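J.: What follows is a structure written as structure tokens; I'll ask about it next.
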Amino acid sequence: MTTAGASDPRPRPQYGEYATPEEQRARIAQPDAALLYEPAPVLETATGADAAPVRPSADPVASPEQPRSRAIDRIVTFALLAYGLVNVVSSFPALIDYSAYADTMFRLLGVDATLSDPAAGRPWGIASAIVLAVGWFVTAVVSWVRVRRGRISWWIPLVGGVVFTFASAMLVLMPIMNDPAVWDALVGSIR
């Protein structure tokens, strides 16, 4: 190291090690930390000087990308809820008339079978329709609450759809599994 001069006994500074904090900030163009924590200015209200002063919000400004991602999340959430509602409403007539539903399902699967007691399937079909409707309502409420709180919510209609459709399908299968002739024909068609 070389000395700074004959009158200065210190060695020559390297990388700003002798610079004051103000000189360092000026050199790297960083704002003064004391200025960052100043209170917000008081704004005048529209009603006049007699009204209480209003300070602007101290919340950090959201990035431009955040509102766009929230808007996309809301659009996807409500689109999935709308699709689920159409699915639930269109399933009601089929599930209420369970014997016609079972006959259509057997025909589509290529199974030559009919339920031995078609009237016994009706309560299961009604229960399945109720599970779908209540499941959609619960999913919509949970999605709405999360959207209102600003949280990501697109996955809630997907999970709700899977869970409540599975529960509804289990209810629809009960009369089929309890009818031995139909169950054997269904299992035989798979082999």
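J.: Counting only residues that are touching a residue at least 60 places away in the same chain (Cβ under 8 Å), surrounded by 20 or more Cβ atoms within 10 Å (Cβ to Cβ) and part of a helix (DSSP H, G or I), how many does the stretch 141-167 have?
T.: Total satisfying the criteria: 5.
J.: Please determine, by comparing only the residues of the stretch 173-186 that are open to solvent by 40 Å² or more (accessible area, probe 1.4 Å) and part of a helix (DSSP H, G or I), which one is farthest from Ala120 (Cα to Cα).
T.: Filtering first and then ranking leaves Asp184.
J.: How many residues are surrounded by 14 or more Cβ atoms within 10 Å (Cβ to Cβ) and in contact (Cβ under 8 Å) with a residue 60 or more places away in the chain when one looks only at the stretch 114-140?
T.: Matching residues across the stretch 114-140 total 2.
J.: Another question, if that's okay. Answer yes or no as to whether Asp112 is over 26 Å from Gly160 (Cβ atoms), part of a helix (DSSP H, G or I), at pLDDT below 95 and not hydrophobic (A, V, I, L, M, F, W, C).
T.: Criteria not met by Asp112.
The rows are residues; the columns are (1) more than 35 Å from the chain's Cα centre (by Cα); (2) surrounded by fewer than 10 Cβ atoms within 10 Å (Cβ to Cβ); (3) modelled with pLDDT under 60; (4) outside any helix (DSSP H, G or I).
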{"residue": "Asp8", "(1), (2), (3), (4)": "yes, yes, no, yes"}
{"residue": "Ala19", "(1), (2), (3), (4)": "yes, no, no, yes"}
{"residue": "Ala52", "(1), (2), (3), (4)": "yes, yes, yes, yes"}
{"residue": "Phe78", "(1), (2), (3), (4)": "no, no, no, no"}
{"residue": "Leu108", "(1), (2), (3), (4)": "yes, yes, no, no"}
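J.: Inside the stretch 96-105, can you point out the residues that are surrounded by 13 or more Cβ atoms within 10 Å (Cβ to Cβ) and free of Cβ contacts under 8 Å to residues at least 40 places away in the same chain?
T.: Ile96, Asp97, Ser99, Ala100, Asp103, Met105
The values are calculated or read from the model by the stated rules, or taken from the named source; none is laboratory data. Because the structure is predicted, anything quoted here is derived from the model rather than measured. Here Cβ is always computed from backbone atoms with ideal geometry, including for glycine, and neighbour counts include all displayed protein chains. Ligands, DNA and RNA are stripped out before the accessible areas are found, and what is left, the full protein with its side chains, is counted by its heavy atoms. Shrake-Rupley method; radii C 1.70, N 1.55, O 1.52, S 1.80 Å.
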